[in-house]
Amino acid sequence: MLPKPLLAVAIGLPVLLVAGVAAVGLVLGASGTSDPAAPSADRAGPLGLVAVPAPAAGSSECADLVSTLPVSLLSDEVVLERREIAEPAPAGAVAWGSAERDPVVLRCGLDRPGELTPTSALRVVSDVQWLQVEGEGASTWYAVDRAVYVALTVPDDAGTGPLQDVSTALRDRLAARPVDTGGS
């Protein structure tokens, strides 16, 4: 038999541990993290985007496209509304999201994607040719047959709605051109 003080410690320590873990969970929320950039963090505030090379982002084509993009996209039966982009907001960038979904991000005026080769498999959606580049948890689709390159990054669970909606806007606003695969 254990002495009473040791028995009290043996019982009390696990109870304190459980209470501490519960307190941390309440303070940090269900996501288990306080990092506002984490995918499960608050999805209602301004979205921070990293600047990427986009030499044509300030072009009239990108300005025209961005001004006419839909205010919402349908993503697997969830409506994604336009998201505010945190300052400094990259030129030619637009985002949509909801409390339930990671954001869908469009960037206009990018360089030709290096993955675009003469043997690249392209997918045509609403008369727009797209190159899919898969990533971890999301894919980036590059419109490769327009006056400027456009990238649409879509979470894997978003369905095809965002790509269809953006394809329609691209078809209607940006002139088509032959695909430049970088080959001779």
*Between residue 164 and residue 89, what length comes free when the chain is fully extended (0.36 nm per residue of separation minus the Cα-Cα distance, one decimal in nm)?*
24.5 nm
*How would 145, 156 line up by accessible area, probe 1.4 Å, largest first?*
156, 145
*So what J values fall out for segment 133-145 if you push phi through Karplus, 6.51 cos²θ - 1.76 cosθ + 1.60 with θ = phi - 60°, rounded to Hz, Gly and Pro as x?*
10, 6, x, 8, x, 7, 10, 10, 9, 10, 6, 10, 10
*Contour excess over end-to-end distance, with Cα ends at residue 112 and residue 126 and 0.36 nm allotted per residue*: 3.0 nm
_Residue list for segment 91-112, given a label point 7 angstrom along the Cα-to-Cβ vector of residue 51 and an amide N cut-off under 11 Å_ = 91
_Filtered GluC sites (Glu not before Pro), segment 68-152: DSSP coil and at most 16 other beta carbons within 10 Å_ = 77, 84, 100, 115, 136
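The values are calculated or read from the model by the stated rules, or taken from the named source; none is laboratory data. This structure is a prediction, so every number in the text was calculated from the model and none was measured. Here the Cβ is made from the backbone with ideal geometry for all residues, glycine too, and neighbour counts use every protein chain on show. Surface accessibility is based on the protein's heavy atoms, side chains included, excluding ligands, DNA and RNA. Shrake-Rupley method; radii C 1.70, N 1.55, O 1.52, S 1.80 Å.
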